[in-house]
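Student: After the structure tokens below, expect a handful of questions from me.
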Amino acid sequence: MIEIPENLQFEHLIWQTGVKVIVGIDEVGRGPLAGPVVAAAAVFEPEVHIEGVTDSKKLSAKKRELYYEQIIETCKAYAVGVVDNKEIDRINIRQATFKAMRKAIGSLGITPEYLLVDGEEMPGKIYPQEALVKGDLRSFTIASASIIAKVTRDRMMLDYHKQFPQYGFDTHKGYGTAAHIAAIKAHGPTPIHRRSFLTRIYPESASDSPSS
């Protein structure tokens, strides 16, 4: 009897019911002060597994890049959805996250039969779904999506670093580190900063934020 990897147990049980297209969904970038929120969706053929794939936060940048290449070469389909900082300010980060997830699913080019979502269920329930707390640790398919989303967003933030080198986006990727906050106070926000996130750090941003 073939032993099923621990983080493929959820998928295996679903595949056993006859469902073939399981979409793993995760997002990166809910918390940063700058940049987009990025969601990814990934689909694998039944019983496909890549040893070592886990929550992207548990992996070094080098390992994430290596697994990213393996994942996109091995998976049946994948896609990303990006919602920028202006839209985050307009509709709030929770709604922006769900919008990024919907965009990723809609770009797959394949119709989902079942969704495995990290954390919180997606509203609407267009497809059967299951939300898994710490899903990127418990589900290979969600973990794969988390790596795709993380690598995609990190690459975007490295490009932004070239435009705005004084903010250090290459190191903190937009998160609210002491160095990042100091740069905002010294130079003011960039066009990629989330104004609704800066009201305590940079009060002048409040008048520019749709949520003010």
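Student: Cβ-Cβ distance below 7 Å, separation of 6 or more or different chains: which pairs start in the stretch 130-148 with a residue that is more than 14 Å from residue 70 (Cα to Cα) and end on one that is basic (Lys, Arg) and surrounded by fewer than 24 Cβ atoms within 10 Å (Cβ to Cβ)?
Tutor: 132/138
Student: Suppose the filter is farther than 24 Å from residue 102 by Cα and assigned to a helix (DSSP H, G or I); does residue 66 pass it?
Tutor: The answer is yes for residue 66.
Student: Right, something else. Scan the stretch 152-209 for residues that are closer than 28 Å to residue 68 by Cβ and among the β-branched types (Val, Ile, Thr) and jot them down. Break it down into steps so the answer makes sense when it comes.
Tutor: If we filter the stretch 152-209 for residues that are closer than 28 Å to residue 68 by Cβ, which is where we start, we get 152-165, 167-177, 179-180, 190-194, 197.
Answer for the stretch 152-209, where residues must be closer than 28 Å to residue 68 by Cβ and among the β-branched types (Val, Ile, Thr): 152, 171, 177, 190, 192.
Student: Residue by residue through the stretch 2-26, note down the ones that are touching a Lys or Arg at 6+ places or on another chain (Cβ under 9 Å) and crowded, with 24+ Cβ neighbours inside 10 Å.
Tutor: Answer for the stretch 2-26, where residues must be touching a Lys or Arg at 6+ places or on another chain (Cβ under 9 Å) and crowded, with 24+ Cβ neighbours inside 10 Å: just 26.
Student: Restricting to the stretch 139-179, name every residue that is under 17 Å from residue 202 (Cβ atoms) and in contact with a strand residue (DSSP E or B) (Cβ under 8 Å, 6 or more places away or on another chain). Before you say what the answer is, go through the steps one by one.
Tutor: Looking only at the stretch 139-179, we keep the residues that are under 17 Å from residue 202 (Cβ atoms), and these are 164, 166-169, 172, 174-179.
Correct list: 167, 169, 174.
Student: Among the residues of the stretch 162-180, how many are surrounded by fewer than 16 Cβ atoms within 10 Å (Cβ to Cβ) and over 29 Å from residue 24 (Cβ atoms)?
Tutor: The total comes to 7.
Matching residues to (1) acidic (Asp, Glu); (2) under 14 Å from the mean Cα position of the chain (by Cα); (3) more than 25 Å from residue 156 (Cα to Cα):
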{"position": "41", "(1), (2), (3)": "no, yes, no"}
{"position": "59", "(1), (2), (3)": "no, no, no"}
{"position": "73", "(1), (2), (3)": "yes, no, no"}
{"position": "82", "(1), (2), (3)": "no, yes, no"}
{"position": "85", "(1), (2), (3)": "no, no, no"}
{"position": "105", "(1), (2), (3)": "no, yes, no"}
{"position": "139", "(1), (2), (3)": "no, no, yes"}
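Student: Filter the stretch 26-65 down to the residues that are out of contact with any Gly (no Cβ under 9 Å at 6 or more places or on another chain) and of a type in the set (A, V, I, L, M) and list them by number.
Tutor: Within the stretch 26-65, 28, 48, 50, 53, 61 qualify.
Student: Name every residue in the stretch 87-124 that is farther than 23 Å from residue 144 by Cβ, assigned to a loop (DSSP other than H, G, I, E, B) and not small (Gly, Ala, Ser), in order of residue number.
Tutor: 92, 123 - these are the residues of the stretch 87-124 that are farther than 23 Å from residue 144 by Cβ, assigned to a loop (DSSP other than H, G, I, E, B) and not small (Gly, Ala, Ser).
A short reminder: the numbers here are calculations on the coordinates, not readings from a lab. Since this is a predicted model, take the numbers as computed values, not measurements. Counting neighbours? That spans all protein chains shown, and the Cβs are built from the backbone with ideal geometry, glycine included.
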